[in-house]
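Below is one structure, written out as structure tokens; the observations come after it.
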Amino acid sequence: MGGRGEASSAAMTASSAPLLLPLAPAPAARDEVRRQVGLAAPLVACSLLQYSLQVVSVMFAGHLGELPLSAASVASSFANVTGFSVLLGMGSALDTLCGQSYGAKQYDMLGTHAQRAIFVLMLSSVPLAFVLAFTGQILTALGQNPEISYGAGTYARLLIPGLFAYGLLQCLTKLLQAQNIVHPLVVCSGVTLIFHIVLCWFLVQNSGLGYRGAALATSVSYWFNVILLALYVKFSEAGRRSWHGWSRAVLKDVNLFLSLAIPSTFMTW
């Protein structure tokens, strides 16, 4: 009888036990999540800081009146669609190329891929710059207000130097990002934003340039960010490991880069 009671009690205990144990994340999974968040959060912050340059410029232009605000807003939107977003998409090809090279520990190829991207993006910036140069005429042909179109055209032309800087900025950003170097990107972008706010205030409010100063400040600030990242690449250990000077190898496999860059551009658009 005692044996039967113990067996019955054991059976009841087993039947009342949950079929599935509570899911507890393994230490390895927690570490991976923490690592991914540690990489993603700075990249999100970097993107927001870089995007804030044009937002700040439009805000400063808006203090001058309704017409400067409209011109700056339209010009920024047009430039983003026809210029900056194209370079952003093309630069995304480095996510694949540099990521593969870094994973295979082919560190010298990181610089080669980045140089090839710089070569292609600088060439691509030339026709995009022509589009920005005729922003006013294009907007007028599309039926926009002539005054706003003229102001937007002036603003967009002053963004052209920044277009070339933006292409370089994407290449340097991807080069460092592929090596999991993200915090210097945030620092450089943050310093650039502070520099941009001061420069924008001076050019818009104190130089007599008006809303044109906001566009000029955007271009100068993009170049300032490029210089900061270029200095980091030149003097940091990771930069010296991946960048060994310019090479003619950048002229090879351009089609491979374009096969990734063109689809990435359409995805960004």
- Relative contact order %, the chain, counting alpha carbon pairs below 8 Å whose residues are six or more apart: 29 percent
- Cleavage-rule hits (chymotrypsin sites (Phe, Trp or Tyr not before Pro)) in region 195-260: DSSP loop, at most 14 neighbouring Cβ within 10 angstrom: TRP246
- Please find the FRET efficiency linking LYS105 to MET267, where r is the Cβ-Cβ separation and R0 is fixed at 35 Å, and quote it to the nearest 0.05. 0.75
- Task: Over 24 Å, how big is the tail of the calculated P(r) for region 44-268, in percent of all Cα pairs?
- Result: 44 percent
- Only helices counted: for the chain, with every DSSP H run of 4 or more residues adding -39500 (n - 2.57) and the sum spread over all residues, [θ] at 222 nm is -27000 deg cm²/dmol
- Considering only LEU110, ALA129, GLY162, whose Cα is most displaced toward the positive end of the charge dipole of the chain, charges sitting on Cβ of Lys, Arg (+1) and Asp, Glu (-1)? LEU110
- Message: Using each residue's phi in region 202-208, evaluate 6.51 cos²θ - 1.76 cosθ + 1.60 at θ = phi - 60° and report the 3J(HN,Hα) Karplus result to the nearest Hz, with x for Gly and Pro.
- Response: 5, 6, 7, 9, 10, 9, x
- Order by protection proxy (mean Cβ within 10 Å, highest first), peptides 150-158, 48-56, 259-267: 150-158, 48-56, 259-267
- Task: Quick one: P(r) of region 170-226 from all Cα-Cα pairs, 10 Å bins, percents rounded to integers, in order of increasing distance.
- Result: 25, 41, 22, 11, 1
- Nearest 10, in degrees from 0 to 90: the angle of helix 107-133 to the longest Cα principal axis of the chain is 40 degrees
- Query: Dipole of the chain, Cα-centred, from +1 at each Lys and Arg C-beta and -1 at each Asp and Glu C-beta, to the nearest 20 debye?
  - Reply: 540 debye
- Point-charge dipole on Cβ atoms (K/R +1, D/E -1) for region 189-269, about Cα centre, debye to 20: 200 debye
- Message: Using the Cα centre of the chain as origin and beta-carbon charges of +1 (Lys, Arg) and -1 (Asp, Glu), tell me which of CYS98, ALA141, ALA152 is placed farthest towards the positive end of the dipole.
- Response: CYS98
- Message: Show me, for region 61-76, the HN-Hα J-couplings you get by feeding each phi into the Karplus relation (A = 6.51, B = -1.76, C = 1.60, θ = phi - 60°), rounded to Hz, glycine and proline as x.
- Response: 5, x, 6, 8, x, 5, 5, x, 5, 5, 5, 5, 5, 5, 5, 5
- What whole number of Å gives the distance from the Cα centroid of region 205-267 to the Cα centroid of region 158-191? 6 Å
- Item | In Hz, Karplus ³J(HN,Hα) per residue of region 249-255 (6.51, -1.76, 1.60; θ = phi - 60°; x = Gly, Pro) | 5, 5, 7, 8, 6, 5, 4
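No value in this document is a laboratory result; all are computed from the given coordinates. Nothing here was measured: the structure is a model prediction, and the numbers come from that model. Please note: Cβ atoms are built from the backbone with ideal geometry, for glycine as well, and neighbour counts cover all protein chains shown.
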